[in-house]
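The values are calculated or read from the model by the stated rules, or taken from the named source; none is laboratory data. Only a predicted model underlies this, so the values are computations on that prediction, with no experimental measurement involved. When we count neighbours, we look across all protein chains shown, and the Cβ atoms used for this are built from the backbone with ideal geometry, even at glycine. Calculation scope for accessible area: heavy atoms of the full protein, side chains included, ligands and nucleic acids excluded. Shrake-Rupley method; radii C 1.70, N 1.55, O 1.52, S 1.80 Å.
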Amino acid sequence: MKKTILIMGALALLTACQPSEDEKAAPLMNKIDSLYKAKNYQATLNAITELRTQHPKAIESREKALKIWQEASLKMTQDDIGRTDSALQATIQQCNAERNLYKKNMLRVKRDSLQTRYQALVGTVLVIHRKQAEK
């Protein structure tokens, strides 16, 4: 009986000394924070994916990482919207100035593609905002 109590006590002591899942994930969370602050959004998303894979039970870290994921995704999408809008405006100007019918038609195809991409990106931003509001 005393041996069982001693063994149980020893196991409890060993278990209590083990770092929690969130403590194990802390170095990776620091990396995620620094990547996000450096505006390296794609690397931030990659590091969050790594966190999810390596530390599936680090609940607090994963919740914090989810917020960073949404912010990084939002920033990347907003940057992409700016680039797409600039390309769209330039293509519209080229299309309006073009006199060759074939080239004008090809520019219209490009314009339509850019408009579709722009609308999809705006939709992505709306979804991210909706998800952020849920929390």
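Using only Cα atoms and rounding to the nearest 10 degrees, what angle (0 to 90) does helix 41-54 make with the longest principal axis of the chain?
30 degrees
Pairs of Cα atoms under 8 Å, at least six residues apart: use those to get the relative contact order of the chain, whole percent.
21 percent
Counting only heavy atoms of protein chains, what accessible area per residue, in Å², does the chain have with a probe of 1.4 Å?
About 71 Å² of surface per residue is accessible.
Specify which labelled value, from (i) 36, 34, 24; (ii) 96, 27, 22; (iii) 77, 41, 21, agrees with Cα extents along the principal axes in Å derived from the coordinates of the model shown.
Only one listed value fits the structure, namely (ii).
Order the following by accessible area, largest value first: 102, 41. Probe radius 1.4 Å; ligands, DNA and RNA are ignored.
Values: 102 155, 41 30 Å².
So the residues, ranked largest to smallest area, are 102, 41.
Hey, with R₀ at 25 Å, roughly what FRET efficiency would residue 119 and residue 42 work out to, going by the Cβ-Cβ distance, to 0.05?
0.65
Name the residue farthest towards the positive end of the dipole of the chain from the options 45, 66, 116, assuming +1 on Cβ of Lys and Arg, -1 on Cβ of Asp and Glu, about the Cα centre.
Going by the Cα projections, it comes out as 116.
Relative to the longest principal axis of the chain, what angle (0 to 90°, nearest 10) does the C-alpha long axis of helix 21-37 take?
So the helix axis and the longest Cα principal axis differ by about 30 degrees.
Could you tell me how far the Cα centroid of region 81-116 sits from the Cα centroid of region 26-65, in Å?
A separation of 39 Å, based on Cα centres.
Let's see if you can work this out: charge +1 on each Lys and Arg Cβ, -1 on each Asp and Glu Cβ, no other charges. What is the dipole magnitude of region 89-128 about its Cα centre, in debye to the nearest 20?
So the dipole magnitude of region 89-128 works out to roughly 180 debye.
Rg and Dmax in Å for region 32-82, alpha carbons only: what are they?
11.0, 38
Using a simple spin-label model with points 7 Å from Cα along the Cα→Cβ vector, what separation in nm is obtained for residue 21 and residue 79?
Here the answer is 3.1 nm between the modelled labels.
Structure shown: which of 39/103; 39/64; 39/110; 75/104; 37/110; 67/110 lie over 28 Å apart, alpha-carbon to alpha-carbon? Could the numbers behind the result be given before it?
Values: 39/103 39 Å; 39/64 17 Å; 39/110 30 Å; 75/104 34 Å; 37/110 35 Å; 67/110 35 Å.
Exceeds cut-off: 39/103; 39/110; 75/104; 37/110; 67/110.
Helix 2-17 against the longest principal axis of the chain: what's the angle in degrees, Cα atoms only, rounded to the nearest 10?
It is inclined by approximately 30 degrees.
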